[in-house]
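Peer 1: Next up is a structure, given as structure tokens.
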Amino acid sequence: MGLALACAPAAAVTLAEKAKESGCVNKPMWLAGDTYRCATQSGAFSYFNVPGSNGSPPSSASISSSPKAPTPAAFPRIDPETQKGRDGVRRKVLADELSSEEKLLAESRTAYADGAPPPLPEEKADAEKYRLRIARLKQSVSVHEKNVEALKKELATVK
């Protein structure tokens with residue numbers, strides 16, 4: 001599929017640059033982590049990330065945290081074998097979901113056909129219908145790719 005993307009170094013991108021690039025008409029509002037939101041000229045919201053930003057988000061050092069309370073002695077505990085069983089079930093469910101999602105991704109990619117699927121009979125006379133179908137197919141591929149990535153990440157954290 002040979003797609004090349006030009007990426008600027010993450011450290012070189014500032015909040016102001018990302019806001020301008022996103023078409024913000026107001027000051028970006030910090031949401032969480034490196035994520036910001038602002039309004040655009042059309043009235044829609046634009047969401048973007050500024051890795052390593054030092055703007056509005058509070059740093060972990062500036063947030064006072066209370067010391068953790070000890071676990072009460074009567075707090076229920078799970079024996080290691082039961083937990084291993086639960087982890088095994090979780091791993092199996094995630095693996096099944098991953099397999100299913102990879103199958104859906106393959107089907108979506110086939111239907112998308114690198115952005116040039118053959119037009120359906122009703123689309124031959126209506127280019128807008130064809131364009132909308134291609135956009136839906138592309139979005140479907142993107143959603144399945146993100147799902148596969150998230151499931152792989154989650155599987156990597158299972159003990």
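The values are calculated or read from the model by the stated rules, or taken from the named source; none is laboratory data. Nothing here was measured: the structure is a model prediction, and the numbers come from that model. Ideal geometry is used to build each Cβ from the backbone, glycine not excepted, and the neighbour counts take in all protein chains shown.
Peer 1: Return a yes/no flag: does the stretch 98-114 have any residue that is surrounded by 13 or more Cβ atoms within 10 Å (Cβ to Cβ) and either assigned to a loop (DSSP other than H, G, I, E, B) or more than 30 Å from the chain's Cα centre (by Cα) (or both).
Peer 2: No, the stretch 98-114 contains no residue that is surrounded by 13 or more Cβ atoms within 10 Å (Cβ to Cβ) and either assigned to a loop (DSSP other than H, G, I, E, B) or more than 30 Å from the chain's Cα centre (by Cα) (or both).
Peer 1: Considering every residue within the stretch 139-147, establish whether at least one is among the aliphatic types (A, V, I, L, M), surrounded by 12 or more Cβ atoms within 10 Å (Cβ to Cβ) and within 30 Å of Asp87 (Cβ to Cβ).
Peer 2: Just the residues of the stretch 139-147 that are among the aliphatic types (A, V, I, L, M), to begin with: 141, 143.
Right, trim to surrounded by 12 or more Cβ atoms within 10 Å (Cβ to Cβ) and you get 141, 143.
Retained after the next criterion (residues that are within 30 Å of Asp87 (Cβ to Cβ)): 143.
Yes, because at least one residue in the stretch 139-147 is among the aliphatic types (A, V, I, L, M), surrounded by 12 or more Cβ atoms within 10 Å (Cβ to Cβ) and within 30 Å of Asp87 (Cβ to Cβ).
Peer 1: Output the residues belonging to the stretch 123-138 that are part of a helix (DSSP H, G or I) and free of Cβ contacts under 8 Å to residues at least 24 places away in the same chain.
Peer 2: Glu123, Ala127, Glu128, Lys129, Tyr130, Arg131, Leu132, Arg133, Ile134, Ala135, Arg136
Peer 1: Still on this model: Considering only residues that are of a type in the set (Val, Ile, Thr) and part of a loop (DSSP other than H, G, I, E, B), look in the stretch 6-62 and name the one that is modelled with the lowest pLDDT. If you could, list the steps in order and put the result at the bottom.
Peer 2: Restricting attention to the stretch 6-62, the residues satisfying the condition of being of a type in the set (Val, Ile, Thr) are 13-14, 25, 35, 40, 50.
Checking the rest, the ones that are also part of a loop (DSSP other than H, G, I, E, B) come to 13-14, 25, 50.
On the way: Val13: 73, Thr14: 83, Val25: 89, Val50: 81.
Checking each candidate, the answer is Val13.
Peer 1: So is Leu132 in contact with a helix residue (DSSP H, G or I) (Cβ under 6 Å, 6 or more places away or on another chain), of a type in the set (A, V, I, L, M) and either modelled with pLDDT of 90 or more or surrounded by 10 or more Cβ atoms within 10 Å (Cβ to Cβ) (or both) or not? Even if it seems obvious, please write down each step before you answer.
Peer 2: Values: in contact with a helix residue (DSSP H, G or I) (Cβ under 6 Å, 6 or more places away or on another chain): no; of a type in the set (A, V, I, L, M): yes; either modelled with pLDDT of 90 or more or surrounded by 10 or more Cβ atoms within 10 Å (Cβ to Cβ) (or both): yes.
Answer is no for this residue.
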